[in-house]
Amino acid sequence: METNRQKKIGALIQSDITDILQGEVRKNAIKNLIITVSKVNVTSDLSIAKVHLSIFPSENGPELLKAIQSNTPMIKHDLAQRVKNQLRKVPNLHFYIDDSLDYIEKIDQALKGTENPIENPDILPKRKMF
């Protein structure tokens, strides 16, 4: 269970990393790319922050994640400059792709298509009677 301090530090890191990443996208004039930080989990000892990124379009996700992971020291330095008055030590950043939007999209497509178990109950496995 996260403490209030972990939640506050996570929210602070989330907003600042969002600003850093979106600033880099604007500075490099990259078009048709949206990167958002969907969630940040901070460990209880405040040494590691797990940053979950939502990338659109999702086809570019793995290569962008590798680029972001290779630039983690620069991102941590920029973050340290922003939070130097709030945090004594900046946690190590670990980046992950948040694929929950893709998962929701697959569920929506399944419910709209022929895989809908409500409209087509024959696709559900039948219960065995004893």
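So what does Tyr103 come to for accessible area, using a 1.4 Å probe and Å² rounded to 10?
Ignoring ligands and nucleic acids, Tyr103 comes out at about 150 Å².
Among Ile30, Asn92, Val40, whose Cα sits farthest toward the positive end of the charge dipole of the chain (+1 at Cβ of Lys/Arg, -1 at Cβ of Asp/Glu, about the Cα centre)?
Of the candidates, Asn92 comes out farthest on the positive side.
Sketch the reach of a paramagnetic label on Leu65 as a point 7 Å from Cα along Cα-to-Cβ, and name the residues of region 83-97 whose backbone nitrogen lies under 15 Å away.
94-97
Give the Rg (one decimal place) followed by the Dmax (whole number) of region 1-76, computed from C-alpha coordinates and expressed in Å.
Looking at region 1-76, its Cα Rg and Dmax stand at 13.1, 40 Å.
222 nm [θ] for the chain, helices only, -39500 (n - 2.57) per DSSP H run of 4+, per residue, to 500?
Roughly -15000 deg cm²/dmol at 222 nm, from the helical runs in the chain.
Mind giving me the FRET efficiency for Glu2 and Arg88? R0 is 30 Å, r the Cβ-Cβ distance, nearest 0.05 is fine.
For Glu2 and Arg88, the calculated efficiency is 0.95.
For region 4-71: lysine pairs with Cα atoms under 27 Å, gap of 8 or more or different chains, count?
So the count of such lysine pairs works out to 14.
Rank these by accessible area, largest first, 1.4 Å probe: Lys7, Lys50.
Lys7, Lys50
With every protein chain in place, what's the accessible area of Ser100 (1.4 Å probe, Å², nearest 10)?
About 50 Å², ignoring ligands and nucleic acids.
Put Leu101, Leu46 in order of accessible area, largest first, 1.4 Å probe: what do you get?
These residues rank, largest area first, as Leu101, Leu46.
What helices does the chain have that are whole DSSP H segments, at least 20 Å long along their own axis by Cα, and with mean Kyte-Doolittle hydropathy of -1.0 or more?
For the chain, where a helix must reach 20 Å along its axis and average at least -1.0, the hits are 4-27.
So, R0 is 35 Å and r is the distance between the beta-carbons of Val25 and Asp122; what FRET efficiency does that work out to, to 0.05?
That gives a FRET efficiency of 0.15.
Check the straight Cα-Cα distances from Lys112 and name the lysines below 28 Å, setting aside those fewer than 8 residues away within the same chain.
Those lysines meeting the cut-off are Lys126.
Where both residues lie in the chain, what percent of DSSP beta bridges are antiparallel, nearest 5?
55 percent
Mind pulling up the Rg/Rh value for the chain? Radius of gyration and Kirkwood radius, both on Cα.
The Rg/Rh ratio comes out at 1.16.
The values are calculated or read from the model by the stated rules, or taken from the named source; none is laboratory data. Predicted, not measured: the structure shown is a model, and the values here were computed from it. Virtual Cβ from ideal backbone geometry, glycine too; neighbours counted across all protein chains shown. When the accessible area is computed, the model is the full protein with side chains, heavy atoms only, and any ligands, DNA or RNA have been set aside. Shrake-Rupley method; radii C 1.70, N 1.55, O 1.52, S 1.80 Å.
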